[in-house]
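S.K.: One structure coming up, written as structure tokens, with questions to follow.
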Amino acid sequence: MKTDVVIIGGGPSGLLLSQLLNKAGIGTVVLERRTRKYVLSRIRAGVLEGGTVDLLERAGCGDRMHREGDPHEGCYLSTERGMFRVDFRDLCGRQVMVYGQTEATEDLYAAQDEMGATVIHEAMEVMPHDLDGDPYVTYEKDGETHRIDCDFVAGCDGYHGVSRSVIPKGKKEEIERVYPFGWLGILSRTRPAADELIYANHPRGFALASMRNANLSRYYIQVPSDDDPEAWSDEAFWAELKRRLPGEVAETMETGPSIEKSVAPLRSYVCTRMRHGALFLAGDAAHIVPPTGAKGLNLAMSDIHYLSEGLIAHYKDNDGAGLDAYSDRALRRVWRAIRFSWWMTSILHRYPEQDDFDQRMQEMELENLRDLDAARRAMALNYVGLPL
Ligand code: RFL
Ligand code: PHB
């Protein structure tokens, strides 16, 4: 087989890239290790920046998002001294869209189907080769080994994918911070606790009240990262969540059986080179942020914006400048999101080693946000998404 670009990974970044390239007349093959059903059963992000919304529209998959998604003009921050609101629209004239990653991924699959795109599921042992010469990718399916020759390979295969590992150790620097806690998350068919997201700082640990739609809620609590989700009964989860949310919210919120329950570790990670010869990394394959700033999916989408621009300029205008600049351009935005997610994490969680000084500093960060428009504005600008 031969194509222009082989895309490893059929998550949101791989599918968006394939969709944007196919629309521009560039050939792609997407190789995904899992079944489509499995990919669409993963519960992940819930908040889309305005730029992500624009990109999905441009890719031709914005209709259902605009019908069923819920634009949010602010969020709440809850502290021991009460709750206050950060009004994105007032502070910076923009908003975010609450629309699940699962839904956006389903829309991308539907758009790819309509386009007649090639997405190969259950592609095993995927491996890129000859990235400085005549690139090709091999994979195994149904007991046979296949080979696809191509011009470029896009590594969109997430944090545990194969793409990043083919960049030799001496050619990449990896910078990482692992946080000493994780998030236990549940999804339930219940009415959301509030009209907007609540991020809560509490002495017992962080909590987040989020949602997918009017009848589907998503909640998280900070737990030790090695906690077993199965050891948490639904009753224990709801009781702990209610302790950490504001009293008036806890009293009135609807609870019910969980339909998904999992623990996610919190980590910041950057691979400081996003290109290696004909291979380009994008999304979680190149960087990870803790979910506190709601940035992971949005960063994956902005990488794809830069990468698709570079590839389209290469094929349409024989102009390689965009591809040459890709890694630097993408990394500038990545580092800003790494900072924001680290900061949001640091002001909202309880750290095992937190002493009185750290505690006071955290309280002052939250008071600053409550009392200073300028502080809230800086948060709002980052939360709704810095310009591409
Ligand atoms: P994905 O989604 O991991 O997709 C990678 C795909 O590659 C496949 N794959 C392979 N295929 C072939 N061969 C191999 N060797 C392969 N190895 C892997 C995988 O099966 C998969 O289908 O990466 P992508 O596309 O870069 O997308 C990134 C996002 O998924 C991620 O950043 C976000 O979910 C992060 N995130 C959030 N981001 C936001 O912007 N807003 C949020 O509100 C938000 N909340 C979250 C989150 C992530 C969470 N978890 C579970 C880590 C909340 C949570 C709890
Ligand atoms: C979610 O709804 O899953 C969600 C929302 C905001 C975050 C993280 C996760 O910061």
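The values are calculated or read from the model by the stated rules, or taken from the named source; none is laboratory data. This one's a predicted model, so the numbers in the text were calculated from it and none came from an experiment. Cβ sites come from the backbone with ideal geometry, for glycine too, and all protein chains shown count toward neighbours. These area figures cover heavy atoms from the full protein model, side chains too; ligands, DNA and RNA do not enter into them. Shrake-Rupley method; radii C 1.70, N 1.55, O 1.52, S 1.80 Å.
Conditions (1) without any contact (Cβ under 8 Å) to a residue 12 or more places away in the chain; (2) charged (D, E, K, R), marked per residue:
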{"site": "Asp4", "(1), (2)": "no, yes"}
{"site": "Gly10", "(1), (2)": "no, no"}
{"site": "Ser13", "(1), (2)": "no, no"}
{"site": "Gly27", "(1), (2)": "no, no"}
{"site": "Thr35", "(1), (2)": "no, no"}
{"site": "Tyr38", "(1), (2)": "yes, no"}
{"site": "Arg44", "(1), (2)": "no, yes"}
{"site": "Thr52", "(1), (2)": "no, no"}
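S.K.: Let me ask something additional. Which of (1) away from ligand 2 (no atom under 16 Å from the Cβ); (2) within 30 Å of Glu196 (Cβ to Cβ); (3) crowded, with 24+ Cβ neighbours inside 10 Å does Ala300 not meet, given it meets every other one?
M.R.: Condition not satisfied by Ala300: (1).
S.K.: Restricting the search to the range 106-117, which residues are open to solvent by 60 Å² or more (accessible area, probe 1.4 Å) and in contact (Cβ under 8 Å) with a residue 60 or more places away in the chain?
M.R.: Those that are open to solvent by 60 Å² or more (accessible area, probe 1.4 Å) and in contact (Cβ under 8 Å) with a residue 60 or more places away in the chain: Glu106, Met115.
S.K.: With the range 50-150 as the region, which strands (runs of 3 or more DSSP E) entirely inside it contain at least 2 residues that are in contact with a helix residue (DSSP H, G or I) (Cβ under 8 Å, 6 or more places away or on another chain)? Before the answer, list the steps.
M.R.: Numbers: elements: 70-72, 74-79, 82-87, 96-98, 118-120, 124-129, 136-141, 144-149.
By residue number, 74-79, 82-87, 96-98, 124-129.
S.K.: Go through the range 154-213 residue by residue and tally those that are more than 16 Å from ligand 2 (Cβ to nearest atom) and aromatic (Phe, Trp, Tyr).
M.R.: 1
S.K.: Is there any pair linking a residue in the range 367-388 that is in contact (Cβ under 8 Å) with a residue 24 or more places away in the chain to one that is open to solvent by less than 30 Å² (accessible area, probe 1.4 Å) and of a type in the set (Lys, Arg), with Cβ under 8 Å and at least six apart or on different chains, and which?
M.R.: Final answer for the pair search is Leu386/Arg333; Leu388/Arg333.
S.K.: Touching a residue at least 12 places away in the same chain (Cβ under 8 Å) and surrounded by fewer than 19 Cβ atoms within 10 Å (Cβ to Cβ): which single residue out of Gly293, Gly277 fits that description?
M.R.: Numbers: Gly293 fails: surrounded by fewer than 19 Cβ atoms within 10 Å (Cβ to Cβ).
Unique residue meeting the criteria: Gly277.
S.K.: Still on this structure, please answer the following. Please enumerate the residues belonging to the range 1-41 that are surrounded by 23 or more Cβ atoms within 10 Å (Cβ to Cβ), over 19 Å from the mean Cα position of the chain (by Cα) and among the polar types (S, T, N, Q).
M.R.: Passing the criteria: only Thr28.
S.K.: Another question, if that's okay. Could you check, for the range 359-379, whether at least one of its residues is within 16 Å of ligand 2 (Cβ to nearest atom), under 21 Å from Gln222 (Cα atoms) and either crowded, with 22+ Cβ neighbours inside 10 Å or at pLDDT below 95 (or both)?
M.R.: Applying the first criterion (within 16 Å of ligand 2 (Cβ to nearest atom)) to the range 359-379 yields 369, 379.
Cutting the leftovers down to under 21 Å from Gln222 (Cα atoms) gives us none.
No, the range 359-379 has no match at all.
S.K.: Next question, about the same structure. Evaluate the following for Glu103: is it of a type outside the set (A, V, I, L, M) and exposed (fewer than 14 other Cβ atoms within 10 Å of the Cβ)?
M.R.: Numbers: of a type outside the set (A, V, I, L, M): yes; exposed (fewer than 14 other Cβ atoms within 10 Å of the Cβ): no.
It is false that Glu103 is of a type outside the set (A, V, I, L, M) and exposed (fewer than 14 other Cβ atoms within 10 Å of the Cβ).
S.K.: How many residues does the range 123-179 contain that are within 10 Å of ligand 1 (Cβ to nearest atom), more than 30 Å from Ser225 (Cα to Cα) and open to solvent by 40 Å² or more (accessible area, probe 1.4 Å)?
M.R.: 1
S.K.: Still on this structure, please answer the following. Of the residues Met124, Met83, only one is touching a strand residue (DSSP E or B) at 6+ places or on another chain (Cβ under 8 Å), more than 18 Å from Gly14 (Cβ to Cβ) and modelled with pLDDT of 95 or more; which? It would help to see each step written out before you state the result.
M.R.: Values: Met124 fails: more than 18 Å from Gly14 (Cβ to Cβ).
Going through Met124, Met83 in turn, just one is touching a strand residue (DSSP E or B) at 6+ places or on another chain (Cβ under 8 Å), more than 18 Å from Gly14 (Cβ to Cβ) and modelled with pLDDT of 95 or more: Met83.
S.K.: In the range 210-230, what count of residues is obtained for those that are within 13 Å of ligand 1 (Cβ to nearest atom) and part of a strand (DSSP E or B)? Can you show your working first?
M.R.: So in the range 210-230, the residues within 13 Å of ligand 1 (Cβ to nearest atom) come out as 210-212, 218-223, 225, 229.
Checking the rest, the ones that are also part of a strand (DSSP E or B) come to 210-212, 218-223.
Number satisfying all stated conditions: 9.
S.K.: Then there's this: Where residues in the range 73-100 are within 17 Å of Gln362 (Cα to Cα) and within 13 Å of ligand 2 (Cβ to nearest atom), which of them is least open to solvent (accessible area, probe 1.4 Å)?
M.R.: To start, the set of residues in the range 73-100 that are within 17 Å of Gln362 (Cα to Cα) comprises 76-84.
Pick out the ones that are also within 13 Å of ligand 2 (Cβ to nearest atom) and you get 76-77.
Details: Tyr76: 41, Leu77: 2 Å².
Filtering the range 73-100 for residues that are within 17 Å of Gln362 (Cα to Cα) and within 13 Å of ligand 2 (Cβ to nearest atom), the one least open to solvent (accessible area, probe 1.4 Å) comes out as Leu77.
S.K.: Would you check if Ile120 is farther than 22 Å from Leu299 by Cβ, among the β-branched types (Val, Ile, Thr) and open to solvent by less than 10 Å² (accessible area, probe 1.4 Å)? Give the steps one after another, and end with the answer.
M.R.: Numbers: farther than 22 Å from Leu299 by Cβ: yes; among the β-branched types (Val, Ile, Thr): yes; open to solvent by less than 10 Å² (accessible area, probe 1.4 Å): no.
No; evaluated as a whole, the condition is false for this residue.
S.K.: Would a scan of the range 248-262 turn up a residue that is out of contact with any Gly (no Cβ under 9 Å at 6 or more places or on another chain), open to solvent by less than 20 Å² (accessible area, probe 1.4 Å), more than 9 Å from ligand 1 (Cβ to nearest atom) and within 21 Å of Gly158 (Cβ to Cβ)?
M.R.: Scanning the range 248-262, I find no residue that is out of contact with any Gly (no Cβ under 9 Å at 6 or more places or on another chain), open to solvent by less than 20 Å² (accessible area, probe 1.4 Å), more than 9 Å from ligand 1 (Cβ to nearest atom) and within 21 Å of Gly158 (Cβ to Cβ), so the answer is no.
S.K.: Scan the range 236-249 and give yes if some residue there is acidic (Asp, Glu) and within 16 Å of ligand 2 (Cβ to nearest atom), otherwise no. Let's see the steps before the verdict.
M.R.: So in the range 236-249, the residues acidic (Asp, Glu) come out as 240, 248.
Retained after the next criterion (residues that are within 16 Å of ligand 2 (Cβ to nearest atom)): none.
No: the range 236-249 contains no residue that is acidic (Asp, Glu) and within 16 Å of ligand 2 (Cβ to nearest atom).
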